[in-house]
Every structure is written in C-alpha cells, then in structure tokens.
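Data first, discussion second: the structure below is written as structure tokens.
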Amino acid sequence: MEEIFYILFAVAAGLYVLVGPGLGIAAFFRGGEGTNAQLAALRKRIDDLTAELVALRRQVAGETGGDAAPPQEAEPETPVPPQPSAAAEPSALWPTKPSPPEPSQPETAPPEEAREAVPPAESPAGPVDPWLDAPEAKPGRSIEQWLTSRGLIWLGGITLALAGLFLAKYTYERGWLALGPGARVTSGFLFGVALAGAGEWLRRRPLQRAIAAIGPNYLPPALTAAGLFSAFGSVYAAYGLYGLLSPLVAFGLLALVAFAAFGLAVIQGPFIAVLALLGGFVTPLLVTSPDPSAWGLFAYLWVLTATALALVRHLACWWLAWGALAGALLWPLFWFTAVWSAGDAAALGTYVLLLAAAFLALRYRAETAGESAKTISVPDQIAWAGALGAALLGFVLLRMDGYGPVSLTAVFLLVCLYLAAGLRDQVFEGLAVVGAVLVTAFMALWHLPGIVDWPERVHSYQGGESYGTDLGPVVPPALTAFVLVALVFGALFAVVGFFALARARRSEIWAGTSAAVPVLLLAIAYWRITGLGIDLAWSAAAAGVAALGLLAAAQLRRRPARPAEDNNLLIGIYALGSVAALSLAMAMVLEQAWLTVALSLQLPAIAWISARLKLTALRPVALIVAAVVLIRLVVNYNVLSYPLGGLPGFNWVLYGYGLPMLAFWWSARSFRKAADDRLVLVLETGTLVLFWLLVTFQIRSLVVGDLANPSYELAEQSLQTVAWLGMAYGWLRAYRRSGRAVLLWGWRLLAGLAALHSPLFQVLLFNPLWTSAAVGDWPLVNLLALAYLVPAGFALAFAWELRAEGHRRSAQAAAVYALFLVFFYLSLEVRRAFHGPLLDVGVTSDGELLTYSLVWLAYAWVLLGLGLKTGLPSLRYASLAVLTLATAKVLLFDWGTLAGLPRFTSFAALGFSLVGIPFLYQKLVFPPAAPEEAPEEPSGEPGGEASADRVS
C-alpha cells in the first residue's frame, strides 16, 4: 500500500498548491469592488507617463545636443482629483495618489531621473504608489526585491509540498481515500492538467501581466511546472507501477506531455522548456521495449531536438540549445554501445544528417550596422558545435557499420551538406575543413581485409583461387570499394573547392581543401594497399594528381578569380599541392628513405613559389614541412635499420641526408631574401644538423658497414672526432665571414661535443694501451696520428682563432689540450716503435725507458724553441711542464730501473737540458739589465763606441 500513499500525497500536495494560492488570489481580486476598473486606469496612467517621459527626453536632448543633465531638484506634482471609477472607495491593496499633470504641459513634469533623485523627506505629501513611483525592478538590486519576486515563491512551493505530504499521510492513515490504481493515476493526471491550466490562467491576469512587464514573474511558471510534473509522473506511474498502459501508449502520452510543455514554454518562458527538454529525453529511458525500433526512437529524438531548437530561436534563450545538443548526441552514443544492430545504419544515418541540418538552420544573426562580418555569435557557435557533433556521430556510424553502403552514403550526404553550408554562409566555410578531416580520418582507419602477401603483390588469393598474374592487379578486388570511395571524395573536394573560389569570401580554405584532400586520400590509399612499397602504377596516379593541380593553377592564372594578391595565394596553394603530389610520386617508386627526401624537396619548391608570387602565407607551411623532415631524419631511430647496400660510401645515407641538407640550405637562402625570421633559423639549423648526421653516418657505414652495429672502436672514434672538429672549424671561419648566429652556436656545440668525445673515448675508455687495438705498422703515419695528433692540430687552430677574437681563457684551454695530445701521441709512438701495432703486449726494455726520457726532453726543447720564436709565454710554460715531468721520470724511475749506458745517457740528456734551457732563458727571455748611460763629456768626444758596448 506504500504506492497508494505516494499517489495520495501527490494529489493532496497539488490540491493544496492549487487551492492555497487560488484563495489568496481570489481574496485580492475581491478586496475592493471595482478594482478591475482602477487597474485599467492605472495602466492608462502608466502609458501616459511613459509617453510624456519620452517626449520630455527628446525635447531636452534636442535643446542640449543630446547630452542633457538631469535637473537638480524635482518640482512637486500638482494634485488633481482622481479619475471617476465604478466604485468611490479606493482599493485596500493599492492606495492611489493624485494624478500627474496632463500631457499637454510637459514642462511641468519632472523627468524620471529627477524624481528618483528626490529624497523621501522632500517628496510630495501623501501615500506613495509603488506601482507608479517605484523604479524598474532590476535583478539583484536588493534582497527585498529578490525575496518578494523569486525567493519566497519557491520557498512557499516547498512549504506547500511539505504540508501536502503531511495531509496525504494523514488521510492515508485514516483511510479517507480508497481509490483504485486507475482512479489514482487519472486523478493525478487531471490534477496536473488543471494545475498547468491554472498557471496559464494566472499568467493572463492583468496583475500578473503588469508584474511581468516590470520584471520576471515566477508564479505562473511555477504552477505550470508543478502541473506538468504531476501529469508526467502520473502517466509513468500508470505504466511503470501499475502496468495499466502499454509501452507504446505510455511513450506517446509522455511525449505528448513533453511537447505540450514546449507549447506552454512559448508563452511562459524558458523555464518550462527546460522541463520539456528533460522530460522528452528521459522518456525513452523510462519506457522500455523488448524490441526497440531505431527508426521510431531517432525520429522522435529528432522531432524533439528540432522543436527545442525552434523554441530556442523563438525565445532567444541560446543556453537551452546546449542541453538539446547534449541529449541529441548522447542518445546515439548510448545506442551504439548498448542496442546497435546491423540494420540500424539507415535510421542512424538519417538521424545524423537531419540533426546536422537542424543545428545549421538554427543560425540567426541580427542585421546591425556595427556588427563585424567576422563576428561569430552564440547561435553560430551552437550551429558549429552541432555540426562537429554530427561529424563525430558519422565517424562512429561508419566504424560500427563496417563501412557499409548505407553509412557511406549518409556520410557522403553529410559532407555535401557541410560544403553547401560553407558555400552559402561565410561563418560555415570552415565546415569544408571539418568534412575533409572526417573523410581522411575514416579512410585512414578503414577496416580493410587482411591480405597478408599483398605488399609483395605475388600470388594473392581470394576464396582459395589465384586471381591475376604474379604481379597481380593494381588494386585487389577485395579493396575495390575502398579505392572507389577515395576517388569519389577526392573528386568531390577537388571540384567543389575549385568552383567555389569565384564566390567564396575565404577562398584560401576552399583552395586548400581542393588541393590537399586528393593528395591526402591518394597517400592514404597507397599506404593502406601497398604498405608503402614500390609501385609504378601508384606513382603514375600521383603524377596525374600533380598534373591536375598544375592545370588548376594555370586556369587561375589565365582567369583570375580574385584580385592579383589573393589570386597569387590561390595559385601558390595549388602549386604546393602539385609539389606534394610529385614528391609522393617519387616516394612511390623509391625506397623508404626517399619518402623523407620527397618531403624535403618541397622546401625549395615552396621557397620558389613564395618568392615568385610573393606569398608570405606559405612560410608557415614550409616551417611545418621542415619540422617533419627533421623529426624523421633526426629523431626517427628506424633509419638505423635501413640497409646500406654493398657499395661502400654510395648508399641511402648519401641521398637520404645529402639531398635534404641541400634542400634546407637552398631554401634558407631563398627565404632569407624576404625575411630573416624563425623559418630561416630552422632551415639553417637543419642544414648544419643534417650535414653533421650525413658525415657521421657515412663514417660509420665506411668503418662498420651497418648503422645499427653496437661496436664502436678506436678507428671510428678517431674519424668521428676529426670530422667533427673539421666541421666545427669550418663553421667558425664561416661565422667570422657571415656573422650568422646559427654558425656561432653550431661550431661551439660541435667543438664541445668533440672535446668531450676525444678524452672520454680515445684517451680513457679505448686507449690502445689496454684495449688490444692495432695502431698500424708505419711510423708516425698510423692510427695514433689520427687519434691524437690530428685532433691536437685542430685544437691549436681553435686556440689561434679564439686568441684572435679575444677569448684568452678558451684559447689557453685549447692550447693546453693540444699540447697534452701531442705529448700523449709521442709517448704512444715510442711504445709502437718497440712493440709494434699492439701496444698492450711485451715487456718494457731499458731502451724504451730511455727513449721516453729523450723524446720528452726533445719535446720540451721544441716547445721552448716555438715559444721563443712566436713570443707566446704559454709555449714556454708548456716546455717547463714537460721538462719537469721528464726530470721526475729520470730521478724517480730511471735511477733505479736503468743501468750502465742507458742510465748515463738519460742523466746526461737531462743534465744538458736542465743547464741549456735556463741558459736560453737568461740569454733570450730574461737578459740582464743594461747599466745606466753616463753623462756626455763636455769635451764633445764621440760616444759611439761606448754606446755600442752598452747595447751589447
């Protein structure tokens, strides 16, 4: 019996809500006899005051040039007798005041601003009529107004609902009402209808109309909403609780209530529309069917959405459209996940198409003089959101339907709708791009049948029987539909985009889709069918697409569709599309590395087109292409697995990095003539990076033969270091001539990399003293010279350049490192002379130890000589450092290890060095100071001989 209690509660609460306000309203209208006539008189006074105020403002504006200041003090109104009415006594609720002056004397009537400025103490004596004197109500102006106009109404509704709950509970406990289920739901439904009618009746009353003219009036919509809710709940109770209605009848009645709410919302405001929208979208969830019909459901949902959008446009309550969009999109997604079957494609496709049309038809823009043509209003935003949502549903429909003919037809019509909308209205021109993205997305993700051996195109099978020859057809029969759809959509965008140029406002959008979509679809089809393999037939197709793009560009040049500057942009776009198609054609007949090469070759073409037609808009396109090429060649680790071929030095690295490097270099020079911007910086940086990778990979291919080989020996390390230092030195010299910042940072980074690479790998990790690396049989000219002597020469060259530029500390560091490498080389060369190419084997003899001492001392003498010759103190310091090291070796090591003649020779050489080097210092570096010159003799004797002695 619990459900009886809730039904009774609903009925009792509704009666209480209906009766209570009704009694109050009736008491108000019966408060004074003849009140209706007085209300009519009051409305006439309001109209007269409004006309008088408008005339006065126009008069004041005309006298002061439209900038009249309000008067400082309002004149008191002249009391006049009240107008005659059917009843002599005034209303008990609305006290009257003397009438204002007649409209024929506007000069005596103060403006509204002046009346508001008068404080209450200075206002005319007598009662104040809030209907006439109160200013226009504004939302949020005061707590009092909010309470009396909105807050108390809803609080009263809640209170009445609680009172009805207590009354229903009491009547149920006493058994006063013993109605059956049919009578309960019928009474609840009728009560809801009566309550909704009462709300509409109350809205038509003069007082409620007057309140609505001043500000929002929530009392009639509250009663109507309560009635609609009661009727909706009663119908659902009849179906869901008692089983009195079939699903179809219940669905129809619930839908009827929802659409009735839409009708009432037209005259009572958007609050009722919110309830109608919620009830309409919830109805299919409340009424379930064992065999749901997609046609019935989505026909109902589309009518519901279209009705809501029509109401939104009528009431200009655009926020309500977002709710309609949410419900219209969520229902198909729910259907896809829970109820979908193969036969629902037609219903869903029709729904998606009509849904997009409904939202596009919502667009409404007021024709105002100050509105910009590029302004996107809220209705435009809603229409765009609906179009995007429909595109998403179309994509999901294709995936769920397995790219069946019905779903493909629906998406084709949807794309045509987008193109037509873009041609009709400038605001929707971007929908051409939306359609292009939709087409390329579903083509790239098409569920293609698994043809395992199709990339080789040899002996493909279908149904157990071979078709075609060993090479097979260009397109396998199982993929015919895929290729046909690509052709249809490519032709659609190409033709519509080209012919739209004559009337489109943003012609670059149409030219871009017309030129890009065919190339993208061709690339996707080639990728999905051949797996990016070599195919002459597909290459010929790409060349055909390129020819069509050039034909379109030539047509625009002969018959310009726009002014010269805009027409050049369109020609450039089509020329760029042709270049992309030609690059794709090259990639189709060459190996995978040529795909990146083809992309890089677009850069010179874009640069040429941009310079020839003076199109700065192509620079961002070139920047994107350059970024893609750099990512594929620098970050892509798959390039290490590409086969190098059998001919050393002539492999894919040569053209895979060499051609992009040349393309970057030429494009940078071309683009720099117009502007030296970020694009030029990226291109110049890419040139240096690609050149570095070209040299590095070529050295690796020559030494190892495989880029992915993990071995890294001393020979390759030495070649890499020398190559990097050579490139860095060349960039340094180029920077000193050109002043390009990219060269400055390029040589610094590469030289720093080499400075880390050489000591870490060649000196520490892979030193031939402990790695068993063969250094060669030839003296002086061997691997040791390549690993240590040549880098030392580059270090000295860098020291010289840095010293010339004033970087003394950097120059000193480079010189010290160079001298250390020479010392290391000489020591290892001595080791090679006694042990052969393998330095880590054999016993160190006395002769070898003596040779170390002699070579180090000789090195010290050479450094001293160079220091004296050049005047560089650093060389003399290095000489002393080497002499100190040799002295420590002789005194600490040779003394106890050597014997006989070797020990004598070692000590004798050291002794002569320790004596000879200081002698040279005294003679040439720090000579003794000359004595002071004596004063000249008065006898005048010549002092030439004495002067010569002093100088010597």
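Any idea what the dipole of the stretch 712-829 comes to, in debye rounded to 20, about its Cα centre with Lys/Arg Cβ at +1 and Asp/Glu Cβ at -1?
760 debye
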For this session: Mind ranking 569-580, 778-789, 333-344 by how tightly packed they are, going by the mean number of other C-beta atoms within 10 angstrom, highest first?
Result: 569-580, 778-789, 333-344
Exercise. Which of Ser853, Ala881, Gly871 sits closest to the plus end of the dipole of the stretch 843-927, meaning its Cα is farthest towards the positive end, when Lys and Arg get +1 and Asp and Glu get -1 on the C-beta?
Worked result: Gly871
Problem set entry | Inter-site label distance for Ala813 and Ala441 at 7 Å from Cα along Cβ, in nm | 5.3 nm
Exercise. Tyr921 to Arg736: FRET efficiency via 1/(1 + (r/R0)^6), r the Cβ-Cβ distance, R0 45 Å, to the nearest 0.05?
Worked result: 0.80
For this session: Per residue of the stretch 272-284, in order, report the coupling 6.51 cos²θ - 1.76 cosθ + 1.60 (Karplus, θ = phi - 60°) as ³J(HN,Hα) in whole Hz, putting x for Gly and Pro.
Result: 5, 5, 5, 4, 4, 5, 4, x, x, 7, 7, 3, x
Problem set entry | Point-charge dipole on Cβ atoms (K/R +1, D/E -1) for the stretch 598-684, about Cα centre, debye to 20 | 280 debye
For this session: Output the relative contact order of the stretch 843-927, whole-number percent, from Cα pairs under 8 angstrom with separation of 6+ residues.
Result: 35 percent
Problem set entry | Formal net charge of residues neighbouring Ala553 (Cβ-Cβ distance under 12 Å; K, R +1; D, E -1) | +4
For this session: Find the centroid of the Cα atoms in the stretch 726-757 and in the stretch 904-925, then give the distance between the two in whole Å.
Result: 41 Å
Problem set entry | Efficiency of FRET between Leu551 and Val635 - r from beta-carbon atoms, R0 45 angstrom, step 0.05 | 0.75
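Please give the charge dipole size of the stretch 843-927, origin at the Cα centre, charges +1 on K and R Cβ atoms and -1 on D and E Cβ atoms. Round to the nearest 20 debye.
Result for the stretch 843-927 is approximately 320 debye, rounded to the nearest 20.
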Exercise. Tell me, what ³J(HN,Hα) does each residue in the stretch 741-758 have, in order and in whole Hz, if you take phi through Karplus 6.51 cos²θ - 1.76 cosθ + 1.60 with θ = phi - 60° and put x for Gly and Pro?
Worked result: 5, 5, 6, 4, 6, x, 5, 5, 5, 6, 5, x, 5, 5, 5, 7, 5, 5
Exercise. What does the highest-first list of 50-59, 685-694 look like by mean Cβ count within 10 Å?
Worked result: 685-694, 50-59
Seminar exercise, completed: Taking a label point 7 Å from the Cα of Leu654 along Cα-to-Cβ, the residues of the stretch 682-710 whose backbone nitrogen sits under 16 Å from it are 694-703, 705-706
Exercise. With θ set to phi - 60° and the Karplus curve 6.51 cos²θ - 1.76 cosθ + 1.60, what are the ³J(HN,Hα) couplings of the stretch 611-625 in order, to the nearest whole Hz, using x for Gly and Pro?
Worked result: 6, 5, 9, 6, 10, 6, 5, 7, 5, x, 5, 5, 5, 5, 4
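No lab work stands behind these numbers, since they all come straight from the coordinates. No experiment lies behind these values; they were computed from the predicted model shown. FYI the Cβ positions are ideal-geometry reconstructions off the backbone, even for glycines, and counts take in every protein chain you see.
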